[in-house]
Every structure is written in C-alpha cells, then in structure tokens.
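This report refers to the structure that appears directly beneath it.
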Amino acid sequence: MNHNETQYDVLIVGAGAAGISVASSILSRHRGLRMALIDPAETHYYQPGFTMIGGGIFNSEEVKRPMQSLIPAGVTWIRAAVAEFRPDDNTVALEDGTCIAYERLIVCPGLKLNWEGIEGLTETLGRNGVTSNYRADLAPYTWELVKGLKSGKAVFTQPPMPIKCAGAPQKALYLSGDHWFSNGMIDDVNIEFYNAGAVLFGVKEYVPALQSYIDRYKARVHYSHKLVKVDGERKLAWFETASADGAVNTVETSFDMLHVCPPQTAPDFIRNSPLADTAGWVDVDPGTLRHTRYANIWGLGDVTNTSNAKTAAAVRKQAPVVAANIVNDIKGNSQRYEYDGYGSCPLTVERGKIVLAEFAYGGKLSPTLPVWLLDGTKPTALAWHMKKSMLPPLYWHGMLKGHELLVKPIAG
C-alpha cells in the first residue's frame, strides 16, 4: 500500500490495550469506516499479568499474543513508527517518510519506560540481582531471584509519579514478601522499600490494609527517596532525598536483590509534538478525552495528561467514551459522553488475596461490585480470583473485542 495516497476516517496511533479496544468499540457502533492502527510492535502484551509472572503465578506465554491476531477485522494495521504529528494538515508522518492523512485521530501509544533515566541501570538489568516486573522478559528473573534469596537484603523502588499502575512497585514487594513469609524466611530477608513519594498509596482508604502487610513482611519504608544510580557488580544503589532545609542528599545502600520501577515519561514523538502539554503528555479534556486545541483529535490511555490511574482498567472505561464521542461527531450528533476518571489497581498483598483499589477523579472510591460482596479496602479472596482467573479472559475476549460489560459510557 502506498500510504501517501491513503486517508482514513479514523486513524489510531498505538495498538496496545487502548488502541485495540477503542478500534473495536468504534466498529461496534459504526461499521464501514476506513480505519487504521499504527504500531510497529509485532507482539501485544497483557501488561497487568507482568506482576503475576514476577510472583511465580503466571508464565510469560500467558501474557502475549501476536499483534496480527488482535487487529479487528476491517482495520488496516500499519506496521511502522510515528515520527511527527502535523495536526494543522491532518496528517501523521512515519519514520520512513510516508504520510498518513486522517479525518479524525486517536492518540494512544502508551508511555515510555525511561530505563536510561537511572545511571548504570541498563548495563545491569537482568543480572547481578537487578530486575523489574515492568518488562515481560525480566519478570521471570524477579521470581528466580525471590526463590533464590534465603537471606540478605531485597530493595524495591518506586519513582516519582506519574507511572503506569502506581501499585505495581508494591505488588512486587508483597508477592516477594509473601514467599519469604510463607517459607519461614521473613526474619532472614531484610525488605526495604524506597518510595519517591510521601505516602504509601495515594487514596487514603486503602492505606490501613496495605500498611498491615508492610508490617507483616517487616518491610522498612523510606519515603521521598528517588533511585538515581545503580552499580550491579558492586550491589549498590544510590537515592536522592531532600532534607528539611531543602538540600538534596544522596543515600547509598547495598542489596542482594533490587527490583526497579523505572521513571516514566510520554514517548519522545509525543513530548516533541504540538499535541503535548508543558509536561509532555497529550493534552485532552479530562471528561470527553478530546484534545484541548485540535477538535478532531482524541487521546486515551497512559499517554494523556488526565489525573486518573494509568491502568488497563482505566482504558476499559475510556475506550467506550472516546468511541461514542467520535461516532457522534461523525454523525453530527452534539451529545457528548464523559469519563469519570475511573481506575483500578488490584494490589496483590499475598497469594490468594488482593486489596482491590477502585477510584475515580479526586480519589473518590468507585467500586464496581457492592461493598457487601467485595470491600476493596480489605484483602479478599474474591478479588484474587478475579485478577487471576477472570480479568485475563475479560481482557482478551471482552475488552479487546469491543464488549463493554459494565463500562457503557455515560452522557455528560
């Protein structure tokens, strides 16, 4: 295909959870549109499963599918990377120099894991006891390290917000701690959590339950400590922290195992584009998810500047909103749908139990199920069953196929 001669009714940048879901949701409302997805990746990952790999519960094959198998019928897949957005011309330039024209654009390429943002990290990832559940190929190494550590120091880190799934750094700690606790080694493994933030979790209602597990695993928490450097061969890590007078100090610690959550930013081709806000994220209305300056552009997923938790659960709510708003726009219907900021973070506090954090904009609790059935502020076996057995098929066969169970959009 000569992309230079191609124009689409709807062009979608990114074929992750957001891109595939919104394409399917649009098709469920309006067949016959000329639609394309731009993404160079040949493999699609179920990212919520990475933590479960790191805890020895899932294997790597369970969380990936060939991208081709997930592209909705009737949608063109352009296997290429975006170089530049030209919103004034309604075109997107690819890295090979070709241009794709569009009537309406959806931007959802996810975010960038900035491994290079920590000195020495890339040289030692996957060896010397340094790992991360934020990469599917590294998560098995996490479990290998956990099983192999009988005594010593295990260090877990969390960078400044925003990050995808703010609970993921803690999930790694809890599942690791559960293994050592259950095998009678919790007194021999010194667990330390270095958190760049000032609180354990951003929604206070969930903190008591989480703190009880921090206590169970005898973890020592260091707030306002940001990882800046790693020396894997010497098993040393350095953190920056500010003193009361504002002076920045560097703290050194040793480790036997280091689980790193990398700093995260918008992708370079987003940060350097006209679509970005001053912080580099796609600038959208938090309700309609329409771009604040370009009326024929929408955004969703991790790349936007909305204040919700950056999770697949958020995308599941956002995709129908964007789909309904775009289809209404195509049809000339003035009705608009609003996203309420819903996000969910199933915190795997132990094998068999989860604290299911569900909240909307402003930290307002937003439970899907009645509290009498599932109280998300407490660890429950039902939430674990949902995470382990129900949510993966719901993702592959529901969300990515445009089925909107419990997430039909609400008119604004």
Seminar exercise, completed: The answer for the per residue Cα convex hull volume of the chain, in Å³, is 142 Å³
Exercise. Across 5 Å bins from the origin, how do the percents of Cα pairs in segment 114-263 run, short distances first?
Worked result: 2, 10, 20, 24, 22, 15, 6, 1, 0
Exercise. If we count other beta carbons within 10 Å of each Cβ, what is the order of Val13, Val146, Val221, fewest first?
Worked result: Val221, Val146, Val13
Exercise. Of the lysine pairs in segment 114-263, how many meet both conditions: Cα atoms under 20 Å apart, and a spacing of 8 or more in sequence or different chains?
Worked result: 17
Exercise. Extent of segment 252-382 along each principal axis, from alpha carbon coordinates, in Å, largest to smallest?
Worked result: 53, 46, 20
For this session: Taking the Cβ of each residue in Val355, Val189 as the centre, tally the other Cβ atoms inside 10 Å and list the residues starting with the fewest.
Result: Val189, Val355
For this session: Would you mind checking the tilt of helix 168-182 against the longest principal axis of the Cα atoms of the chain, expressed as 0 to 90 degrees and rounded to 10?
Result: 40 degrees
Seminar exercise, completed: In whole angstrom, largest first, the equivalent ellipsoid semi-axes that the Cα gyration tensor gives for segment 113-163 are 20, 12, 12
Exercise. In debye to the nearest 20, how big a dipole does segment 114-263 give about its Cα centre with +1 on each Lys and Arg Cβ and -1 on each Asp and Glu Cβ?
Worked result: 300 debye
Seminar exercise, completed: As straight-line cross-link partners of Lys353, the qualifying aspartates and glutamates (C-alpha separation under 15 Å, not fewer than 8 residues apart within one chain) are Asp178, Asp375
Problem set entry | Burial ranking of peptide ranges 203-210, 149-156 (average Cβ count within 10 Å, highest at the top) | 149-156, 203-210
Problem set entry | In segment 22-122, GluC sites (Glu not before Pro) in a DSSP loop with at most 14 other beta-carbon atoms within 10 Å | Glu42, Glu95
Seminar exercise, completed: Over the chain, the sum of -39500 (n - 2.57) across DSSP H runs of at least four, divided by residue number and rounded to 500 deg cm²/dmol, gives at 222 nm -6500 deg cm²/dmol
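A short reminder: the numbers here are calculations on the coordinates, not readings from a lab. Just so you know, these numbers come straight off a predicted model, no measurement behind them. Because the Cβ atoms are built from the backbone with ideal geometry, glycine has one as well, and the counts that use them run over all protein chains shown.
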